[in-house]
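Working notes for the structure below.
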Amino acid sequence: MNKQLSRRAWGQGALALALTPWSLSAQQAMGSASDAPRHIRWQNDPFVLGVASGQPHADSVMLWTRLLVQDADQANVAQTVAVQCEVFADEALRKRVGQYTAMTSNQRGMSVHIEAKGLQPGRTYWYRFLCGSATSPVGRTRTTPAVQDKVQSLRLALASCQHFEQGFFAAHRDIAQQDLDLVLFVGDYIYESSNPRYLLRQHTGGVPQTLDEYRARHAQYKGDADLRAAHAAHPWVMTWDDHEVVNDYANDRDMKYTDPTVFLRRRAAAYQAYFEHMPVRIGPDAVNPANMRIHDRMGWGQLADLWTLDNRQYRSHHACPDPLKGGGRVVMSCNELVDPQRSMLGMAQERWLTQGMNTSQAAWKIVAQGTQMSSTGLATPMGRSAFTDGWDGYPLARERFLQNIADAKLQDVLVLGGDVHMNVAAQLRVKPNDEQSPVLASELTTTSITSRGMGETLAAQIRSNNPDIAHLRPDERGYTLIQVTPEGVQSEFRTTANPVQTGSVLGTQARFAVRRGVAGVVKA
Ligand code: FE
Ligand code: CA
């Protein structure tokens with residue numbers, strides 16, 4: 001370990017550097033006696049934000065916690081703090097299979113990211129963190145099956161959109177109790193803004209702009225026991241949507257047309273806080289901290305490849321925006337929509353996805369991303385409407401994605417999304433709603449954990465204008481259970497009435513299936 005390594009480098013959290021085997025003393029690891037960990041006697045539990053795991057591989061998984069240092073403990077805590085992590089093969093915590101030490105500091109918000117390595121494929125592990133007199137809750141996690149494994153099942157919970165003020169996290173309580181391989185969270189983990197009409201509980205602080213303000217918002221969400229339980233129970237695979245930064249942002253532009261250099265500083269703060277609170281492998285780019293790679297690919301043996309996409313960071317600006325108020329809006333005739341240069345994912349991510357899908361050997365190709373892909377346009381006297389923040393605002397990018405499935409003769413493609421606060425099951429074609437255009441893929445979009453959905457009048461119009469949509473309900477809150485097997489996909493929209501109360505219990509709204517080799521959703 002390099003003696004030159006500064007506290008700053010630790011703080012900025014180059015992950016490989018931040019992780020040292022337990023067998024090295026912290027003094028060796030740090031190369032400086034002044035940084036040797038003290039035994040901190042905590043007045044308050046520093047692990048109140050819980051523990052989490054994520055981005056599993058066949059031989060490793062990311063383990064996360066963040067110390068919350070209260071005022072009474074500030075004087076006890078050095079600039080850099082050593083946190084230990086233990087990994088066990090059994091729930092009784094008797095068979096320890098890994099021990100790690102990581103240093104953390106305020107520069108990374110006292111967050112800890114540890115890659116537990118050398119694990120066995122397709123099995124469950126338990127883990128906990130230790131710091132001085134404090135011990136964290138125990139988390140459970142799971143590795144992916146080995147690449148060549150002919151695995152029979154993948155069970156996941158698809159979730160998104162958890163406005164803290166608009167309801168309680170009963171869905172997470174339900175998720176925590178399910179037997180799952182992973183939770184797939186596709187965005188709007190926090191909300192930056194408030195709607196005073198729907199307040200079951202309240203954000204502290206105003207709309208976040210700075211790193212400290214985004215940290216406080218994430219910490220408030222992690223203060224919810226049901227959310228912590230869902231993190232502790234399963235590994236999470238994640239991407240983001242807009243509200244992790246600000247509503248309807250597109251690349252370097254916000255709705256107020258803020259100077260991009262100013263907005264990108266805010267985006268950097270939001271991405272840094274996101275990284276500090278999530279079990280993700282990669283943080284903001286060291287050179288350009290307004291950039292952070294979230295899109296990823298994960299394999300589930302021979303059964304499935306799963307792509308998680310980033311719909312926000314690289315997208316083209318909204319088409320035909322209101323010059324006074326940017327972001328998405330409903331347009332009737334907008335020539336920009338048919339500009340082939342425009343992309344939801346950015347051309348580099350599009351190419352990466354296409355290349356990956358076209359060479360995938362897995363039975364199912366699952367594409368998880370922020371929003372609904374099927375069209376929600378309405379026929380109007382002025383032409384068909386398009387909401388420019390969704391895929392209808394990037395119709396040629398959607399067409400490229402689906403045309404590639406046709407051209408490469410890909411089968412068994414399942415698109416998963418969130419964002420729209422309604423459950424949707426739909427057929428995907430190159431030409432939406434055109435029976436001449438074959439169904440090429442199946443779509444399941446999950447309703448929100450809490451965030452309020454649209455009214456039934458508009459929902460009914462969308463259904464009647466879009467025969468590709470087999471199911472669309474914005475009235476209930478919840479998440480979607482999905483089981484993938486070599487024969488097919490079974491899904492269950494698990495929901496409860498809006499708004500979600502503390503004691504709400506989830507039931508089944510509807511079930512949809514996809515048969516192997518037959519594109520399209522079928523009511524089950
Ligand atoms: Fe949302
Ligand atoms: Ca959103």
Test: Ile175 is within 14 Å of Pro235 (Cβ to Cβ) and outside the structural domain of Thr447 (by TED's automatic domain parsing): no
Criterion (of a type outside the set (Ser, Thr, Tyr) and outside any loop (DSSP other than H, G, I, E, B)) met by exactly one of Met357, Met344: Met357
Residues of the range 195-207 that turn out to be within 16 Å of ligand 1 (Cβ to nearest atom) and within 24 Å of Gly109 (Cα to Cα), as a count: 2
Failed item in (1) within 18 Å of Asn433 (Cβ to Cβ); (2) touching a Pro at 6+ places or on another chain (Cβ under 9 Å), with Thr380 passing the rest: (2)
Among (1) at pLDDT 95 or above; (2) open to solvent by 30 Å² or more (accessible area, probe 1.4 Å); (3) hydroxyl-bearing (Ser, Thr, Tyr), the one test that Thr65 misses: (2)
Check on Arg452, open to solvent by 30 Å² or more (accessible area, probe 1.4 Å) and within 15 Å of ligand 2 (Cβ to nearest atom): yes
Filtered residue count, the range 242-290, keeping only those that are within 16 Å of ligand 2 (Cβ to nearest atom) and either part of a loop (DSSP other than H, G, I, E, B) or more than 17 Å from Ser111 (Cα to Cα) (or both): 14
Unmet requirement for Leu130, which otherwise passes all of (1) touching a residue at least 60 places away in the same chain (Cβ under 8 Å); (2) closer than 30 Å to Ala102 by Cα: (1)
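Per-residue answers, yes or no, for (1) surrounded by fewer than 17 Cβ atoms within 10 Å (Cβ to Cβ); (2) assigned to a strand (DSSP E or B); (3) under 21 Å from the mean Cα position of the chain (by Cα):
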residue	(1), (2), (3)
Ala441	no, yes, no
Ile462	no, no, no
Arg477	no, yes, yes
Gly503	yes, no, no
Subset of the range 302-326 (residues that are touching a residue at least 24 places away in the same chain (Cβ under 8 Å) and out of contact with any Lys or Arg (no Cβ under 9 Å at 6 or more places or on another chain)): Leu309, Asn311, Arg312, Tyr314
Some residue of the range 304-313 being in contact with a Phe, Trp or Tyr (Cβ under 7 Å, 6 or more places away or on another chain), under 21 Å from Asp149 (Cβ atoms) and among the hydrophobic types (A, V, I, L, M, F, W, C): yes
Test: residue in the range 306-325 that is open to solvent by 30 Å² or more (accessible area, probe 1.4 Å), part of a loop (DSSP other than H, G, I, E, B) and either within 16 Å of ligand 1 (Cβ to nearest atom) or within 18 Å of Gly187 (Cβ to Cβ) (or both): yes
Of the criteria (1) under 16 Å from His317 (Cα atoms); (2) within 17 Å of the chain's Cα centre (by Cα); (3) not hydroxyl-bearing (Ser, Thr, Tyr), which one Pro260 fails: (2)
Scope the range 382-433; condition open to solvent by 30 Å² or more (accessible area, probe 1.4 Å), within 16 Å of ligand 1 (Cβ to nearest atom) and among the hydrophobic types (A, V, I, L, M, F, W, C); matching residues: Phe387, Val420
Selected residue (criterion: nearest to ligand 2 (Cβ to nearest atom)) from residues of the range 401-424 that are assigned to a helix (DSSP H, G or I) and farther than 11 Å from Met344 by Cα: Leu402
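The values are calculated or read from the model by the stated rules, or taken from the named source; none is laboratory data. As the structure is a computational prediction, the values presented were derived from the model and not from experiment. All Cβ positions, even for glycine, are placed from backbone atoms using ideal geometry, and neighbour counts span all protein chains on display. To get the accessible areas, we keep the full protein, side chains included, count just its heavy atoms, and leave off ligands, DNA and RNA. Shrake-Rupley method; radii C 1.70, N 1.55, O 1.52, S 1.80 Å.
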